[in-house]
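Enquirer: My questions will all concern the structure given below.
The values are calculated or read from the model by the stated rules, or taken from the named source; none is laboratory data. On a predicted model such as this, the values are computed, not experimentally measured, just so you know. Quick reminder, even Gly has a Cβ in these numbers, built from the backbone with ideal geometry, and neighbours come from all protein chains shown. With ligands, DNA and RNA removed, areas are computed over all heavy atoms of the protein, side chains included. Shrake-Rupley method; radii C 1.70, N 1.55, O 1.52, S 1.80 Å.
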Amino acid sequence: MLIGQTAIVTGASSGIGAGVAKALGAAGANVVVNYAGHAEGANHVVRQIKDGDGSAFAVRADVGSEADVRGMFQVACETYGTVDILVSNAGVQQDAPFLDMTLEQWNRVLRINLTGAFLCAREAAREFIRRGIIRERSCAAGKIIFISSVHEIIPWAGHVNYAASKGGINLFMKSIAQELGLYKIRVNSIAPGAIKTPINRTAWETPEAEANLLKLIRYGRIGEPVDIAKAAVWLASDESDYVHGTSLIVDGGMTLYPGFSTGG
Ligand code: BGC
């Protein structure tokens, strides 16, 4: 489905990013597996893609650093010729009650989750416009997919830096979609609910925590990275060619506010 295309996936050494990278590789894309600190995880993802006859390599880059992001796109273009797909996934949580939240906690989350999305998307858009459309590969000049969160919609006490970063991604995504559509660059987000990954381990690792989390999920199961990966492959492919400027919620019904099925 994505044969001949090249994808950069940020934060791909674990969790949703790793799942997305593997699924894009399985769909035929060359994959640049970005990581910030966990080289081992990234190399493992690369090996898995290669074992499935795909092509991939790992690149260390801090998405909050302009120089690192430029360098990552440069090495991707040197290796594969160009970039066709960006999955901007790198994200962190630094949780604290609002009254205790430090400026460092605020800045770190905004820097990685929102500024990182800006720097990567800007570099991707520049490369897509430089290269233009290659019809045999895709109807679009390029595809940008942000991995956001249900917390671009659902307020989240104790996580205000994270919720602000994800709310920011929503209007950032829509605004650049408005700006880039004329270049035939498609821009969308995926808003995952609770997906079983290291970022939310405390929310699912004990049976009690898991039971509490399940109360928030109408479909009755915690998500897996592959649930998001399948949506990402679709959004990266021409199967979704008319989908532009939207946020696809993949949350098992978390945004249905299940508490209201009996309350309210
Ligand atoms: C957060 C997780 C959380 C989920 C649902 C995600 O964006 O990173 O920690 O479990 O939203 O609340």
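Enquirer: Look at L171 and say whether it is open to solvent by 20 Å² or more (accessible area, probe 1.4 Å), free of Cβ contacts under 8 Å to residues at least 12 places away in the same chain, more than 14 Å from the ligand (Cβ to nearest atom) and out of contact with any His (no Cβ under 7 Å at 6 or more places or on another chain). Even if it seems obvious, please write down each step before you answer.
Expert: Values: open to solvent by 20 Å² or more (accessible area, probe 1.4 Å): yes; free of Cβ contacts under 8 Å to residues at least 12 places away in the same chain: yes; more than 14 Å from the ligand (Cβ to nearest atom): yes; out of contact with any His (no Cβ under 7 Å at 6 or more places or on another chain): yes.
It is true that L171 is open to solvent by 20 Å² or more (accessible area, probe 1.4 Å), free of Cβ contacts under 8 Å to residues at least 12 places away in the same chain, more than 14 Å from the ligand (Cβ to nearest atom) and out of contact with any His (no Cβ under 7 Å at 6 or more places or on another chain).
Enquirer: Right, something else. Do the conditions hold for I154, that is, is it over 19 Å from I112 (Cα atoms), open to solvent by 20 Å² or more (accessible area, probe 1.4 Å), within 13 Å of the ligand (Cβ to nearest atom) and not charged (D, E, K, R)? Spell out how you get there, then give the answer.
Expert: Values: over 19 Å from I112 (Cα atoms): yes; open to solvent by 20 Å² or more (accessible area, probe 1.4 Å): yes; within 13 Å of the ligand (Cβ to nearest atom): yes; not charged (D, E, K, R): yes.
For I154, the condition - over 19 Å from I112 (Cα atoms), open to solvent by 20 Å² or more (accessible area, probe 1.4 Å), within 13 Å of the ligand (Cβ to nearest atom) and not charged (D, E, K, R) - is met.
Enquirer: Conditions first: (1) in a helix (DSSP H, G or I); (2) open to solvent by 40 Å² or more (accessible area, probe 1.4 Å); (3) touching a Cys at 6+ places or on another chain (Cβ under 8 Å). E127 passes all but one, so which condition is the exception?
Expert: So the condition that E127 fails would be (2).
Enquirer: Six or more apart or on different chains, Cβ under 8 Å: which pairs go from a residue in the stretch 215-239 that's touching a residue at least 60 places away in the same chain (Cβ under 8 Å) to one that's among the basic types (K, R) and within 13 Å of the ligand (Cβ to nearest atom)? Could you list them?
Expert: Close Cβ pairs satisfying both conditions: E224/K196; P225/K196.
Enquirer: Now for a separate question. Among the listed residues K166, K196, which satisfies the condition of being open to solvent by less than 30 Å² (accessible area, probe 1.4 Å), of a type in the set (D, E, K, R) and within 12 Å of the ligand (Cβ to nearest atom)?
Expert: So the residue among K166, K196 that is open to solvent by less than 30 Å² (accessible area, probe 1.4 Å), of a type in the set (D, E, K, R) and within 12 Å of the ligand (Cβ to nearest atom) is K166.
Enquirer: Another question, then. Can you confirm whether the stretch 137-151 contains a residue that is part of a helix (DSSP H, G or I), more than 9 Å from the ligand (Cβ to nearest atom), within 27 Å of G41 (Cβ to Cβ) and touching a Ser or Thr at 6+ places or on another chain (Cβ under 9 Å)?
Expert: Just the residues of the stretch 137-151 that are part of a helix (DSSP H, G or I), to begin with: 150-151.
Checking which are more than 9 Å from the ligand (Cβ to nearest atom) leaves us with none.
No, every residue in the stretch 137-151 fails to be part of a helix (DSSP H, G or I), more than 9 Å from the ligand (Cβ to nearest atom), within 27 Å of G41 (Cβ to Cβ) and touching a Ser or Thr at 6+ places or on another chain (Cβ under 9 Å).
Enquirer: Would you check which residues across the stretch 63-82 are in contact with an Asp or Glu (Cβ under 6 Å, 6 or more places away or on another chain) and either hydroxyl-bearing (S, T, Y) or open to solvent by less than 20 Å² (accessible area, probe 1.4 Å) (or both) and list them?
Expert: Listed by number, the residues that qualify are V69, F73.
Enquirer: Something else about it: Please verify whether the stretch 218-228 includes one or more residues that are more than 30 Å from Y183 (Cα to Cα), within 12 Å of the ligand (Cβ to nearest atom) and either in a loop (DSSP other than H, G, I, E, B) or open to solvent by less than 70 Å² (accessible area, probe 1.4 Å) (or both).
Expert: So far as the stretch 218-228 goes, yes, one or more of its residues are more than 30 Å from Y183 (Cα to Cα), within 12 Å of the ligand (Cβ to nearest atom) and either in a loop (DSSP other than H, G, I, E, B) or open to solvent by less than 70 Å² (accessible area, probe 1.4 Å) (or both).
Enquirer: Does I133 satisfy the criteria of being buried (at least 19 other Cβ atoms within 10 Å of the Cβ) and not in a helix (DSSP H, G or I)? Outline the logic, then answer.
Expert: On the way: buried (at least 19 other Cβ atoms within 10 Å of the Cβ): no; not in a helix (DSSP H, G or I): yes.
When the stated conditions are applied, I133 does not pass them.
Enquirer: Considering every residue within the stretch 30-46, establish whether at least one is under 14 Å from the mean Cα position of the chain (by Cα) and open to solvent by 30 Å² or more (accessible area, probe 1.4 Å).
Expert: Yes, the stretch 30-46 contains at least one residue that is under 14 Å from the mean Cα position of the chain (by Cα) and open to solvent by 30 Å² or more (accessible area, probe 1.4 Å).
Enquirer: What pairs can you find where one residue is in the stretch 243-264 and farther than 30 Å from G181 by Cβ, the other is in a strand (DSSP E or B), and their Cβ atoms are less than 9 Å apart, with a gap of 6+ or different chains?
Expert: Every condition considered, the pairs that remain are G252/G223.
Enquirer: A follow-up question, please. Here are some conditions: (1) under 20 Å from V233 (Cα atoms); (2) surrounded by fewer than 17 Cβ atoms within 10 Å (Cβ to Cβ); (3) among the charged types (D, E, K, R). R60 meets all but one. Which one does it not meet?
Expert: Result: R60 passes all but (1).
Enquirer: Moving to a separate point now. Name the residues in the stretch 229-264 that are of a type in the set (V, I, T) and either touching a Cys at 6+ places or on another chain (Cβ under 9 Å) or in a strand (DSSP E or B) (or both), would you?
Expert: Taking the stretch 229-264 as the starting set, the residues that turn out to be of a type in the set (V, I, T) are 233, 243, 246, 249-250, 255, 262.
Listed by number, the residues that qualify are I249, V250.
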